[in-house]
Structures are given as C-alpha cells and as structure tokens.
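Trainee: This structure is in structure tokens; I'll ask about it shortly.
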Amino acid sequence: MSEAWDLISKITEVIGMVAVPFFTWVIYTLVQQGKQIIVLEQKVNDSLNQRLGNLEKRVVSVEEKVDEIGENMMECRMLINDTKNMHSTINTKFDVIISKLDK
C-alpha cells in the first residue's frame, strides 16, 4: 500500500512540475491579453468620441446654415411682398393717370 502512495506521490510531483508552470503561463497570457483588450477598447472609445465630436460640430454648423437660410427666405418674402404692394400702387397710379388723360 505504501508503494501505491509513493507512486501516486511521484506522479503528482511530475504533474505538478509540468502543470503548475503551464497553468501559470496560461494565466499570465490571459492577463496580458486582457490588458491589451482594455487598451484597444480605450483607443476605440477615444476614436469614436472624436468622430462623434466632429459629427456634432458639423450638425451644429448645418443647423446654423439652415437657420440663416430660413431668415434670408423671410427677408426675401418680405421684399417680394413689398415689391408686390409697390407694383400694385404703381399700377393704380398709372390707371388714374391714364383715366385722367383719356378725359
């Protein structure tokens, strides 16, 4: 029975000599890859934030331009209405002048 325990002891020692360094290497590799993944994730997040910031600036710029165009359109509409009114007034005055000349 003692020989069986000695054999088991020797086998576990051999397995321990191979398995412990192997598992240590596996855990170390996993930790290093985890660190690389974290660094990569930070780079991706920074890149996305930068792109979103640029996109937001462009959207704000487009919104400002749309507002400016809207204001310009209102001014143009007011000028057109003023021109219509002036044209109507001129037509009325010409009609009056023509009617006076016809008499």
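The values are calculated or read from the model by the stated rules, or taken from the named source; none is laboratory data. Computed from a predicted structure; not experimentally measured. Positions of Cβ are backbone-derived with ideal geometry, glycine not excepted, and every protein chain shown enters the neighbour counts.
Trainee: On the basis of being surrounded by 10 or more Cβ atoms within 10 Å (Cβ to Cβ), free of Cβ contacts under 8 Å to residues at least 40 places away in the same chain and either in contact with a Lys or Arg (Cβ under 6 Å, 6 or more places away or on another chain) or in a helix (DSSP H, G or I) (or both), does Ser61 make the cut?
Mentor: Yes: the conditions hold for Ser61.
This table checks each residue for (1) assigned to a helix (DSSP H, G or I); (2) of a type in the set (D, E, K, R); (3) modelled with pLDDT of 95 or more; (4) over 53 Å from the mean Cα position of the chain (by Cα).
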position: Asp6; (1), (2), (3), (4): yes, yes, no, yes
position: Ser9; (1), (2), (3), (4): yes, no, no, yes
position: Leu40; (1), (2), (3), (4): yes, no, yes, no
position: Met73; (1), (2), (3), (4): yes, no, no, no
position: Asn91; (1), (2), (3), (4): yes, no, no, yes
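Trainee: Also, I was wondering about something else. Please find, among Asp67, Asp95, Asp46, Asp82, the residue that is in a helix (DSSP H, G or I) and either at pLDDT 95 or above or touching a His at 6+ places or on another chain (Cβ under 9 Å) (or both).
Mentor: Residue meeting the stated conditions: Asp46.
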